[in-house]
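K.L.:
Before I ask anything, let me first share the structure, which is written out below as C-alpha cells.
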Amino acid sequence: MKKTGDNYYDLLLEIQQVDFVIIELNLYLNTHPNDQAAIAQYNECVQRSIQLKRNFEALYGPLTSFGYSFSPTPWQWGKAPWPWQV
Amino acid sequence: MWIYEKKLQYPVRVSKCDVRMAKFLIEQYGGADGELAAALRYLNQRYTVPDKVIGLLNDIGTEELAHLEMIATMVYKLTKDATAEEMERCGLGAHYANHDKALFYGNAAGVPWTATYIQAKGDPIADLYEDIAAEEKARATYQWLINMTDDTDLKDSLSFLREREIVHSQRFREAVEILKEERERKKVF
C-alpha cells in the first residue's frame, strides 16, 4: 500500500469532482424531486464514484470505515495520511 | 449516523506559511457565521421542520461539516511551520499561549464559539429565513477573506466555499417556497 505520490492527487481529484456533482445534484433534488434527468445523472455519477473509489482504495487504502470499505491486512484505516496532511 | 470519508470535499493548498491569514480564517471556523455554527444550526433545526425540508437541512448541515474540515486544513497548513515569535507577531500570541498550534473554536478576534450564535425557533419559515441570512453572511465573509490574501491557492479554495454559500442560500429559498405552496394548498382543501 503506497502512501501518496504517483497518481494519488490525480485519482483523488477525480473522486472529488464526481462526488461534487453528486452533492450538488443531491441538494438540487431535495427541492426538485421530480426532475428525471437529474436523477438519471445522479445515478450515473454514483456508479462512476463507486468505480473510482474501488480503484483508489486498492492503491492507497480505505476511504471509509465503519463497514463501508473492506480492509486489507494489517488494518489500514488509522494510517496516515489524513486529508489535512496531504 | 455519519460515515467519515478520508478526503476533503475540495482540495486545499496554500502557497506559504501565513499566520496573519490563518488568524482571519478562524472567523469561518468558530465565528458567528462560520461553518461550525452553520453545521450545528441546520443539524439541530432538522428535527422539528416539516418532512418536505428535513432532507435539505440534513444534507446541507452535513456538507457544512466538510467545509469546517476545509477551513481547519487551511489554518493547520498556514500555521504548522510558524514559530512562537511569528504567531505573536501576527496576533496569535494569546492563542499560542493557550493552545500552541492546536485549533480552537473561536472567531478572528479570539472570542470562543457560543450557541447564542444560532437559533431554532420551532417555526420553519423563521428558521429557514435565518438559514438564508446565515448563508449570505458567510458568503460575504468569504469575499472579505479573499480580498485579504494574494495566495492564489488559498483564494481558489475560498472561492469554492463562497460559491457553496450561494447554492445553499438558493436551496433554502426554494424550501421556503415549497412550504408556502403547501400552506396555500391546505387552505384550498
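The values are calculated or read from the model by the stated rules, or taken from the named source; none is laboratory data. Please read all numbers here as calculations on a predicted model, not as lab measurements. Note: ideal-geometry Cβ built from the backbone for every residue, glycine included; neighbour counts use all protein chains shown. Surface accessibility is based on the protein's heavy atoms, side chains included, excluding ligands, DNA and RNA. Shrake-Rupley method; radii C 1.70, N 1.55, O 1.52, S 1.80 Å.
K.L.:
So, with a 1.4 angstrom probe, what is the percent of accessible area on segment A:6-60 that is carbon and sulfur?
P.N.:
The C+S portion of the solvent-accessible surface of segment A:6-60 is 51 percent.
K.L.:
Taking chain B as the reference, fit the longest principal axis to its C-alpha atoms, fit the long axis of helix B:51-79 to the helix C-alpha atoms, and give the angle between the two in degrees, 0 to 90, nearest 10.
P.N.:
Orientation of helix B:51-79: about 0 degrees from the principal axis.
K.L.:
Would you calculate a helix-derived [θ] at 222 nm for chain B, using -39,500 (n - 2.57) for each DSSP H run of n ≥ 4 and dividing by the full residue count, to the nearest 500?
P.N.:
Calculated at 222 nm, the ellipticity per residue is -22000 deg cm²/dmol.
K.L.:
For the protein assembly as shown, rounded, prolate or oblate, judged on the Cα gyration tensor with a ≥ b ≥ c (square roots of eigenvalues), a/c < 1.5 rounded, else prolate if a/b > b/c?
P.N.:
In terms of gyration-tensor shape, oblate.
K.L.:
Considering protein heavy atoms only and a 1.4 Å probe radius, which residues within segment A:20-45 exhibit an accessible-area decrease of no less than 30 Å² in the full assembly relative to the chain by itself?
P.N.:
SASA drop of 30 Å² or more in segment A:20-45: A:Phe20, A:Ile23, A:Glu24, A:Leu27, A:Asn30, A:Thr31.
K.L.:
Give B:Lys80/B:Lys137; B:Lys121/B:Lys187; B:Lys23/B:Lys101; B:Lys7/B:Lys52 a once-over and call out the pairs whose C-alpha atoms are over 20 Å from each other.
P.N.:
Going by Cα-Cα distance, B:Lys80/B:Lys137; B:Lys121/B:Lys187; B:Lys7/B:Lys52 fall outside the 20 Å limit.
K.L.:
Mind checking chain A for trypsin sites (Lys or Arg not before Pro) that DSSP puts in a loop (not H, G, I, E or B) and that have at most 16 other Cβ atoms within 10 Å?
P.N.:
Those that pass, being in a loop and sparsely packed, are A:Lys2, A:Lys3, A:Lys79.
K.L.:
Rounded to the nearest 100 Å², what's the accessible area chains A and B bury against each other, both chains counted, probe 1.4 Å?
P.N.:
Roughly 2400 Å².
K.L.:
Using the Cβ atoms and a cut-off under 15 Å, what net charge is assigned to the surroundings of B:Glu184, where Lys and Arg are +1 and Asp and Glu are -1?
P.N.:
+3
K.L.:
Filter the trypsin sites (Lys or Arg not before Pro) in segment B:18-110 down to the DSSP loop ones having no more than 13 other Cβ atoms within 10 Å, then list what survives.
P.N.:
B:Lys80
K.L.:
Here's another thing I want to ask about it. Roughly to the nearest percent, how much of the accessible area of chain B is carbon and sulfur, given a 1.4 Å probe?
P.N.:
55
K.L.:
Mind checking the per residue accessible area of chain A for me, 1.4 Å probe, whole number of Å²?
P.N.:
Result: 62 Å² per residue.
K.L.:
Then there is this: Counting other C-beta atoms within 10 Å, and keeping those with at most 11, which DSSP coil chymotrypsin sites (Phe, Trp or Tyr not before Pro) do you find in segment B:1-57?
P.N.:
B:Trp2
K.L.:
May I pose another question? Compute the acute angle (0 to 90°) between the alpha-carbon long axis of helix A:36-60 and the principal axis of greatest extent of the alpha-carbon atoms of chain A; round to the nearest 10°.
P.N.:
Taking the Cα atoms of chain A, the angle to A:36-60 is about 0 degrees.
K.L.:
Does a label point 7 Å from the Cα of A:Gln16, set along Cα-to-beta-carbon, have any residues of segment B:69-113 with amide nitrogen under 18 Å, and which are they?
P.N.:
Under cut-off, by backbone N: B:69-79.
K.L.:
Checking the a/c ratio against 1.5 first, then a/b against b/c, what shape does the Cα gyration tensor give for segment B:19-154?
P.N.:
Judged from the Cα gyration tensor, segment B:19-154 comes out prolate (a/c at least 1.5, a/b above b/c).
K.L.:
Mind running the shape call on segment B:89-150? Use the C-alpha gyration tensor, a ≥ b ≥ c as the square roots of the eigenvalues: rounded below 1.5 for a/c, prolate if a/b tops b/c, oblate otherwise.
P.N.:
oblate
K.L.:
With a Cα-only, solvent-free Debye model of chain A, what are the log10 I(q)/I(0) values at q = 0.13, 0.15 Å⁻¹?
P.N.:
Values returned for q = 0.13, 0.15 Å⁻¹ are -0.51, -0.64.
K.L.:
Per residue, how many Å² of accessible area does chain B show with a 1.4 Å probe?
P.N.:
That works out to 47 Å² per residue.
K.L.:
Still on this model: Along segment A:18-26, what does the Karplus equation 6.51 cos²θ - 1.76 cosθ + 1.60 (θ = phi - 60°) give for ³J(HN,Hα), rounded to whole Hz, x for Gly and Pro?
P.N.:
5, 5, 5, 4, 4, 4, 4, 5, 4
K.L.:
Still on this structure, I have one more. Compute the long axis of helix B:124-147 from its Cα atoms, compare it with the longest principal axis of the Cα atoms of chain B, and write down the angle in degrees, 0 to 90, nearest 10.
P.N.:
That helix lies at roughly 30 degrees to the long axis.
K.L.:
For B:Ser15, A:Ser49, what's the largest-to-smallest order of accessible area, 1.4 Å probe?
P.N.:
Order by accessible area, largest first: B:Ser15, A:Ser49.
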